[in-house]
Each structure stands twice: as structure tokens, then as C-alpha cells.
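Notes follow the structure.
Bear in mind these aren't lab numbers, they're just calculated from the coordinates by the rules spelled out. Predicted model only: the values in this text are computed from it and were never measured. We place every Cβ from the backbone using ideal geometry, glycine too, and count neighbours over all the protein chains shown.
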Amino acid sequence: MAELQKPHRFHTVISHALVDRVKQCVLASREIVITCHVSPDGDALGSSIALWLVLKALGKSANVVTADCAPRSLQFLPGVREIIAATRQGDRAHELLAKADLIFCMDFNDPERVDRLTPALMNSKAAKIVIDHHLDPRLDAEVVISHPEVSSTSALLYILLWQAGWARKLNRASAACIYTGMMTDTGNFSYNSNDPDLYLIIHDLMRRGIDKDNLYKLVMNTSSESRVRIMGYAQYRMQILPQHHAALIALSEEELKEFDYNKGDTEGLVNIPLSIPEVAYSIFLREDNKNYVKISMRSKGDFSVSRICEENFGGGGHTNAAGGEFNGSLSLAIEKILEIIPNYDKYL
Ligand code: 5GP
Ligand code: MN
């Protein structure tokens, strides 16, 4: 195959000083851990596994350590079975974090985002490198490569690999991981995807042999029966709050049980109400148990749901996609949502 074309424009995205420090840290390290946020999505896992494959190809000893397992839709990713998830292998996960001398923090901006691994991450003496695209990184690290203007951590990793001179180590498997992250964080290139350079990356990944149509089918167009049913039911039950230009979907623990809910079944649900022109932001509440409701929000334009999640639900994320948590029942969470929504009308 002809020499892969080098997308020269990428060479100025990350400062040369930061790239050099990443290279020095990797060269000096003996035991590397790569971690990402809890309930990992395509971008968290895609960027983590791609980096792991490249580091191994560079002859380094590395492991991916996560708080919990990959969702079913991402089980096909190469090497996913070698990930050490703390929910299944708690001792091993803690042991690897304790003995690591370098930890890559992929696709998260706050130590709380690694859930049960937070104390181990914070207590670790290892050098830390953050590679992320969320707003306001709050991680104490030697190197912070934070680019909220890049649509996925996977695309940012690709650029870093080019700048570091490591892109030659990308193969079909790692290219598929990077593509998966880029695809999932842009809704298959339907938002945050107007940067023409993204398509230079895709061109390069395709030349490395990925089957992008099959990746779309595997990740974004494969559903269990329970998912198809729960998505239909949830949309039918959606409430519109016209005075606030908002949509609210709430699923109780009982409803989730009735529909035989599996982790990942409601992925993407919160985006759907935004297809209604009058809806400027969409809220999805999922009652995992009577003391815990997971909150997801999406918005259009400048209206920041990251701000709402930060100010009210101990969370955050991006301007148009954010999440948080509520400790209490679904009915209390709905009460709180209805109470705070009017405070944000002025930003609409
Ligand atoms: P999702 O709604 O898909 O779970 O998450 C949307 C975005 O918000 C993602 O970028 C994710 O990292 C961020 N996010 C989701 N939940 C939380 C949370 O509890 N805390 C913080 N800080 N960010 C979150
Ligand atoms: Mn991401």
C-alpha cells in the first residue's frame, strides 16, 4: 500500500511542549494504566483501547482499568475482554493502579468520574496525563491535554499520536477503536462534526482497513428487543413543557424492570426530543433504584445543560450534552427538575 498521507494540519493542534512531555513520560514509564469514565461509552472505550494497543505496539507494559464493564453494544471492540473492570476484578484493578508509574485519564475531567476507583486514582503516586474534551478539567495531572473544541477524545488521541510520531503504530484494530469514538460522540457525524479535518482522520482510518459501515451497524444500529420496546414506550410517555421549551422523559425502577432493561438500552434516547423544533433542551431521568436517579440532558445552540447539571446535580459535561446524579426517588428528582427549570428560562 502506498505510504499513508500525513495530515500536516494536525501538527499544531497540541502544543509541542505537551507532546514532548507525553513522550518523555511514556519513555520513562514501566507500568502504564489507562482509565476512562464510569459507564464507558464509545469514545471513552475507543480512545482507551486504541491508546493501549499503540502503547503495546511501542513495547510498553500497559493495562486498561475501568470502574465498570463495557456495554453490550461495545463488546465487539478488540481487546475488550482484557479490560480490568473494578466491578468484576476489584483487587486487580486497585493493584494495577497502585503499582502504575503512569496513568492516562481518557475522556473525563473530574476524578469523581471514575466512581469506585476515585480514591485509588487520587492516592496514586503515578504521573498522570489527561486527554479529554470536556469543559473545565479538574484533575491534578502532570500533563493536561484538554481540547473542548475537538468533538471526541478519540479524534484528539489520533492527533496526539500523529504529533508524537506514533501514528505509524495504528493498525486496523486501533483505527476501528478511534473511529468508534469519533462516530459515537458526534451521533454518526450529525453534530459537532463540521470540522473538515475530521474527515482527513476518517480517510486515514479507512486506509488502515476499517469497515466504517459495519462499525455503524454494530454500535449504533443493533438493538435488543428490550431496547426497541423501551425506546418506544419512553417516547410515548415523554412530557413537553412548552413554556420552558423543554422535554422530559422519566423512567421508574418498576418501568425499567417491566421492560427487562439492560445497561445501554436507553442510549441515545435523550437526543430524540430535540428533533422537535420547539424543544430547546431535553431531560432524561432514569431511576436505577429508589435512592439514585441518573440524569442526562441535551440542548441546542448556546443553551448550556452542562451548567444546569453542574449547579444542581453534581455533574457536568459539554454545553449541549451533560449529565449528573440525584440521590433520591424519581418523584423527588422530577420535583427538583420542575423547581429549577424556570431559573434557566432567561438563557433560552
Ligand atoms: P450521557 O448523558 O450520555 O450519560 O452523558 C453526556 C455527557 O455528560 C458526557 O460527556 C458525560 O461525560 C457527561 N456526564 C454524564 N454524566 C455525568 C456526571 O454524572 N458527572 C459529570 N461530571 N459528567 C457527566
Ligand atoms: Mn467523549
Point to revise | Dipole of the chain [Lys/Arg +1, Asp/Glu -1 at C-beta], most positive-end residue of Pro342, Ser29, Gln75 | key: Ser29
Check your understanding: What is the dipole size for the chain, taken about its Cα centre, with +1 at each Lys and Arg Cβ and -1 at each Asp and Glu Cβ, in debye to the nearest 20?
Key -> 1180 debye
Practice item. Among the trypsin sites (Lys or Arg not before Pro) in the range 18-92, which ones are in a DSSP loop with at most 16 other Cβ atoms within 10 Å of the Cβ? Mind listing them? Key: Arg30, Lys60, Arg88
Check your understanding: What are the radius of gyration and Dmax of the range 163-212, computed over its Cα atoms and given in Å?
Key -> 10.9, 30
Review point. Of Lys169/Lys294; Lys60/Lys128; Lys99/Lys212; Lys128/Lys212, which ones are farther than 27 Å apart at the Cα?
Key: Lys169/Lys294; Lys99/Lys212; Lys128/Lys212
**Study point:** Taking all pairs of distinct alpha-carbon atoms in the range 252-314, Kirkwood radius in angstrom
**Key:** 13.0 Å
Check your understanding: Taking the range 122-264, how much of its Cα-Cα pair set, in percent, is spaced more than 26 angstrom apart?
Key -> 47 percent
Point to revise | Area projected by the alpha carbon convex hull of the range 46-177, averaged over all directions, nm² | key: 7.7 nm²
Practice item. Can you tell me the dipole magnitude for the range 204-260 around its Cα centre, using point charges on the Cβ only (Lys, Arg +1; Asp, Glu -1), in Debye to the nearest 20? Key: 320 debye
Exercise for review: Could you give me the radius of gyration and the Dmax of the range 215-348, taking only the C-alpha atoms into account and expressing both in angstrom?
Suggested key: 14.4, 42
Practice item. Starting from the Kirkwood radius over alpha-carbon pairs of the chain, derive D by Stokes-Einstein at 4 °C in a medium of 1.567 mPa s and give it in µm² s⁻¹. Key: 62 µm²/s
Practice item. State the three equivalent ellipsoid semi-axes of the range 77-137, derived from the C-alpha gyration tensor as the square roots of 5 times its eigenvalues, in descending order and whole Å. Key: 19, 15, 12
Practice item. Principal axes first, then extents: for the Cα atoms of the range 1-122, list largest minus smallest coordinate on each axis, whole Å, largest first. Key: 43, 32, 27
